[in-house]
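Visitor: Provided herewith is a single structure, encoded as structure tokens, for subsequent inquiry.
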Amino acid sequence: MTSADSPCYTVVQESSAEYPSAAELRSGLEKGSDEVKLDTLRKIIISTINGNPQPTLMMPIIQYVLPSRNKQLKKLLHFYWEVCPKYDENGKLKQEMILVVNAIRNDLQHPNEYIRGATLRFLQKIAKDAELLEPLVPTCRACLEHRHSYVRKNAVFAIYSIYREFEHLIPDAPELMHTFLVAETDATCKRNAFVFLAHCSMPKAVEYILSIYDTIPSLEESLQMSIIEVIRSDCKNDSGHRARYIRCIFELLETSSHAVKYEAATTLTTLTQNTAAIKAAASCFVNLVIKESDNNVKLIVLDRLESLRSKHGHILDSLIMDVLQVLSSADMEVRRKAMAIVLSMTSSRNVEEVVLFLKKQLLKTQEADLENAPEYRQLLIQSIHVTAIKFSEVAASVVHALIEFLGDSNNPSALDVVSFVREVVEKFPHLRATITEKLISTLPEIKSGKVFRGVLWILGEYVETVSDIQSTMREIRKVLGEIPILASEQRLLDEASAEDGEGKEGGEDKEKEKEKAAAAASRPRVLADGTYATETAYTSTAAAKLEAVKAASKPPLRTLILGGDFFTGAVLAAALTKLVLRFAEKSQDAVASNMLKAEAMLIMTSIIRVGQSKFVTVQIDEDSNERIMNCIQTLSELETQPVVHEIFLNDTKSAYSKMLGAQEKRAAEKKELETTKAKVVQVDDLLNFRQFSKKTADDAIDYDEDLGRATGAGEAQEDFMSNLSRISQLTGFSDPIYAEAYVKMHGFDILLDVLLVNQTPNTLQNLCLDFATLGDLKIVERPAVYTIAPHGFQSIKATIKVSSTETGVIFGSILWEGPGMTEACVILNDIHVDIMDYIKPAWCNEAQFRSMWTEFEWENRVNVNNPMSDPREYLKHVMQATNMSCLTPEGATSGDCDFLSVNLYARSLFGEDALANLSIERTEQGTITGHVRIRSKTQGIALSLGDRITMAQKNDKPVTV
């Protein structure tokens, strides 16, 4: 802000209905008590801030309020002198202000230190008025010698404010402040004086640093922070004291203040690239994370440590065990960030130590008192997974430890273990025998159907020897229980009925009583469909017996099947089929092969039969039934269908290998994209010869540059054609006023630059542009009033805040005074805010997608009926229209097929997640039918994306974004 600018204040809302007149305000100032004067002065200040300065009340304020000794009134007076108009129409200081200056001088000499200090603080607010300040300078200088530190510290900043704006008023201020600094004993006063020198006389600030060089580590925290800032600023100009500065910063790394440590470590990395210095800074960051209690600070310091690691590679690898100590934090976000840094620092030299530590932490998660134990266990398992795949030498040592967690009650952790084991047995063939043997022995401990399916698939694919196949079949029989399932369950029910019957044969009297009770219990009941049914004691007793049989303790796999999990049953049938086919290939014993085949077919038929009985919670579904029947047919035609053998024994394993290859390729592409950043250089930019420059440190931290970027000053300007595409016409060409708006999305704001053109030969007075909104949009500024000359132009800017990803509408009108003071009005066209400006493609893994899909409650289903003939083309059409990314691997969507099912994901600028599932098929007529299901946590984003897809379907081409 230049000295010519008027100061900016907060607009305070006032009620015009209750606002008193000038006479009432004057009366309050003249005759009221201190409380009335306080209330009156507060109303005058609010009125002045809001544009009604009340100049006639300045003299009554000077007469009746200025002499008061009330401290609250004096404080409020400072606010009034700050906002009131001090100059007349000609730009000259008002005569009344002479009295004000005299009163301020008296307050600067007041015996009460609070009044002196508050008045000195007030001088910093009016530091742009030279005529007011000039008579007060000698008094301000005298305040530097006051006995109380509160007065002295405010006097320093008052002189700083005056010197910054009008250097000629205090030409010797730097020398004065240096002398003051040397003699001062109070820490806050010294810090303020040093800040003065840092901004107004850098050489004297450097001189002071060198004069107290040896005592810097023992100074107060605030002064140490200021010294670090001066060192950073001085080193931008190739200071000759760099070596001494570095030594000083090294010493500050050992101070007790966490803030000083952080700033010192950050500054050290900008001063030098010496390996010892980088390690010292990184070690300081790690200690800060461990000792600091605030989780937000921990995350910020970890970000800084990650930035340091990315620039200096393996220099920091020796600190990996220190970083692992951060995992002792209870916050999961801190743990995740620390684990990401650990994984990036892991190398072949330290991988064994890292894995050993992670295994110990994994055992600790089984303790009941550990906070967030299930989530932490899942994080550890995923990290061990990544490490073991990357460094094959540790895979053998961790895989057996992780298999112990297959029976974990926390399902996500057990699924992560299955995923890890499946990848290890595929990538490391020499470990297959020991891993499958361990899996076979772990089968009785597994509780989850998903885990069972993963383990059964691994056993079906990778159990290869005859003895292992036989032991696998034995263990499967154990976890399945007695076969056939239906016959054994029926026998249990019959035994329960028989035992009940024997107990009732004790006496005829009891039997008669039972018959009477059965007859009495027969009563009409209303069913769900409204009809009557009859329930007897016999039927209710039979139902109770059946429930008791269902609830009896059973082996885990049998429990899952009787509970209705026939998908697991189908996976079991496929695994048994693979084992039998492989046994027939490996073994020459036809009798043993035939027995194994018969046993497998018996298990499969048993699953189908029990799935159609009353013993299961849910009847078997058609897909599972068909899948199991296919397996039975394959085994029955064992000798005649060799093509099917190839499908079961080789194709599924090769499909998994391809999927792993696609994942690795995607990860490599992502890593390459992150490491290679495209740099756009203009043809007329200066050439920078790296060989001629001296690279001695990291990029210096320039807070001025950061501020410029934060406020948008460093943003690249959009081209002219891009701006034209964002213009919306608000009125017609034949209207008295033509209006158009340039709409720009800037972060969480919508900036409207409206151009008004007066198309009439008359002057339009009191013209007001009034906007209103629908949706989560909020107008920031109040509308101003303008006057437009005949055929004149007026540009008006408006800012609208956006608080969520939802389609919003901006509408409004233009009002002005026409001929004869009549009111005229033009209604504006609506501006529709496109949510695509706030939605960006994002990526998440399958587990995260499924978790969010289950959690989100808002769903919008959009039916698809499109003349396109290729499902993949329609997928691209939807992705372009919605800004969503496809999570389904490209390999899964390739090939010639008439149906397509993929998952899509995007995230908004507000952190909202948007999920979609596209399920479509090509009909015989060559068109696309199906549906898109969109889910989100909020209703707005689901509805808006659904509308977007519906609009895109109406056009042959996708909606451009």
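Visitor: V644 versus (1) β-branched (V, I, T); (2) modelled with pLDDT of 75 or more; (3) surrounded by 11 or more Cβ atoms within 10 Å (Cβ to Cβ): which is the lone unmet condition?
Guide: All conditions are met except number (2).
Visitor: Please identify the pairs in which a residue from the stretch 294-317 that is farther than 18 Å from V334 by Cα and touching a residue at least 60 places away in the same chain (Cβ under 8 Å) has its Cβ atom under 7 Å from the Cβ atom of a residue that is among the β-branched types (V, I, T) and assigned to a helix (DSSP H, G or I), counting only partners at least 6 apart or on another chain.
Guide: From the stretch 294-317, no pairs qualify.
Visitor: Among the numbered conditions (1) open to solvent by 60 Å² or more (accessible area, probe 1.4 Å); (2) modelled with pLDDT under 80, tell me where L402 comes up short.
Guide: If we test L402 against (1) open to solvent by 60 Å² or more (accessible area, probe 1.4 Å); (2) modelled with pLDDT under 80, just (1) comes out false.
Visitor: Going through the stretch 213-238 one residue at a time, which ones are surrounded by 17 or more Cβ atoms within 10 Å (Cβ to Cβ) and either at positive phi or part of a loop (DSSP other than H, G, I, E, B) (or both)?
Guide: The one that is surrounded by 17 or more Cβ atoms within 10 Å (Cβ to Cβ) and either at positive phi or part of a loop (DSSP other than H, G, I, E, B) (or both): L219.
Visitor: Take L343 and decide whether it is open to solvent by 10 Å² or more (accessible area, probe 1.4 Å), modelled with pLDDT of 85 or more and part of a helix (DSSP H, G or I). Let's see the steps before the verdict.
Guide: Numbers: open to solvent by 10 Å² or more (accessible area, probe 1.4 Å): yes; modelled with pLDDT of 85 or more: yes; part of a helix (DSSP H, G or I): yes.
Here the answer is yes, as L343 does meet what is asked.
Visitor: Can you name the number of the only condition in (1) open to solvent by 60 Å² or more (accessible area, probe 1.4 Å); (2) in a helix (DSSP H, G or I); (3) within 24 Å of M595 (Cα to Cα) that T434 fails?
Guide: (3)
Visitor: Any chance the stretch 892-911 includes a residue that's over 30 Å from K670 (Cβ atoms), open to solvent by less than 30 Å² (accessible area, probe 1.4 Å), touching a residue at least 40 places away in the same chain (Cβ under 8 Å) and out of contact with any Leu (no Cβ under 6 Å at 6 or more places or on another chain)?
Guide: Among the residues of the stretch 892-911, not one is over 30 Å from K670 (Cβ atoms), open to solvent by less than 30 Å² (accessible area, probe 1.4 Å), touching a residue at least 40 places away in the same chain (Cβ under 8 Å) and out of contact with any Leu (no Cβ under 6 Å at 6 or more places or on another chain), which makes the answer no.
Visitor: T275 fails exactly one of the following numbered conditions: (1) within 19 Å of F250 (Cα to Cα); (2) buried (at least 17 other Cβ atoms within 10 Å of the Cβ). What is the number of that condition?
Guide: T275 satisfies every listed condition except (2).
Visitor: OK, next. With the requirement that a residue be of a type in the set (S, T, Y), closer than 13 Å to W843 by Cβ and at pLDDT below 90, what does the stretch 874-924 give you?
Guide: Correct list: S885, T888.
Visitor: Follow-up question, since we're still on this one. Filter the stretch 825-837 for residues that are at pLDDT 85 or above and part of a strand (DSSP E or B); which is nearest to I779 (Cα to Cα)?
Guide: Going through the qualifying residues, I end up with I827.
Visitor: Name the helices (runs of 4 or more DSSP H) wholly within the stretch 17-102 that hold at least 3 residues that are under 26 Å from L120 (Cα atoms)?
Guide: Ranges flagged: 34-49, 58-64, 71-83.
Visitor: Scanning the stretch 309-333 for residues that are farther than 29 Å from L363 by Cα and among the small types (G, A, S), which turns out least open to solvent (accessible area, probe 1.4 Å)?
Guide: This residue is G313.
Visitor: Which condition from (1) more than 19 Å from A23 (Cα to Cα); (2) surrounded by fewer than 17 Cβ atoms within 10 Å (Cβ to Cβ) is the one that M59 breaks?
Guide: Answer for M59: the failing condition is (1).
Visitor: Evaluate the stretch 208-228: report whether one residue or more is under 24 Å from R309 (Cα atoms) and within 35 Å of the chain's Cα centre (by Cα). Let's see the steps before the verdict.
Guide: Initially, the stretch 208-228 is screened for residues under 24 Å from R309 (Cα atoms), giving 228.
So of that shortlist, the ones also within 35 Å of the chain's Cα centre (by Cα) come out as 228.
Yes - at least one qualifying residue is present in the stretch 208-228.
Visitor: Restricting the search to the stretch 838-885, which residues are of a type in the set (D, E), open to solvent by 60 Å² or more (accessible area, probe 1.4 Å) and in a loop (DSSP other than H, G, I, E, B)? Before you say what the answer is, go through the steps one by one.
Guide: Step one: list which residues in the stretch 838-885 are of a type in the set (D, E), which gives 846, 855, 857, 859, 870, 873.
Going one step further and asking which of them are open to solvent by 60 Å² or more (accessible area, probe 1.4 Å), we end up with 846, 855, 857, 859, 873.
The one that is of a type in the set (D, E), open to solvent by 60 Å² or more (accessible area, probe 1.4 Å) and in a loop (DSSP other than H, G, I, E, B): E857.
Visitor: Go through the stretch 121-144 residue by residue and tally those that are within 51 Å of the chain's Cα centre (by Cα) and among the acidic types (D, E).
Guide: Summing the residues that are within 51 Å of the chain's Cα centre (by Cα) and among the acidic types (D, E) in the stretch 121-144 gives 1.
Visitor: Okay, moving on. Of the residues in the stretch 421-430, how many are free of Cβ contacts under 8 Å to residues at least 40 places away in the same chain and buried (at least 18 other Cβ atoms within 10 Å of the Cβ)?
Guide: The qualifying residues number 3.
Visitor: Ok, one more. Would you confirm whether or not the stretch 369-388 contains a residue that is free of Cβ contacts under 8 Å to residues at least 24 places away in the same chain and of a type in the set (S, T, Y)?
Guide: no
Visitor: Any idea how many residues of the stretch 281-308 are surrounded by fewer than 19 Cβ atoms within 10 Å (Cβ to Cβ), over 22 Å from the mean Cα position of the chain (by Cα) and either assigned to a helix (DSSP H, G or I) or hydroxyl-bearing (S, T, Y) (or both)?
Guide: Residues meeting the conditions: 4.
The values are calculated or read from the model by the stated rules, or taken from the named source; none is laboratory data. Remember, it's a predicted structure, so these values are computed and weren't measured experimentally. Don't worry about glycine lacking a Cβ; one is built from the backbone with ideal geometry, like all the others, and counts go over all protein chains shown. Quick note on the areas: whole protein, heavy atoms, side chains included, nothing else; ligands and nucleic acids left out. Shrake-Rupley method; radii C 1.70, N 1.55, O 1.52, S 1.80 Å.
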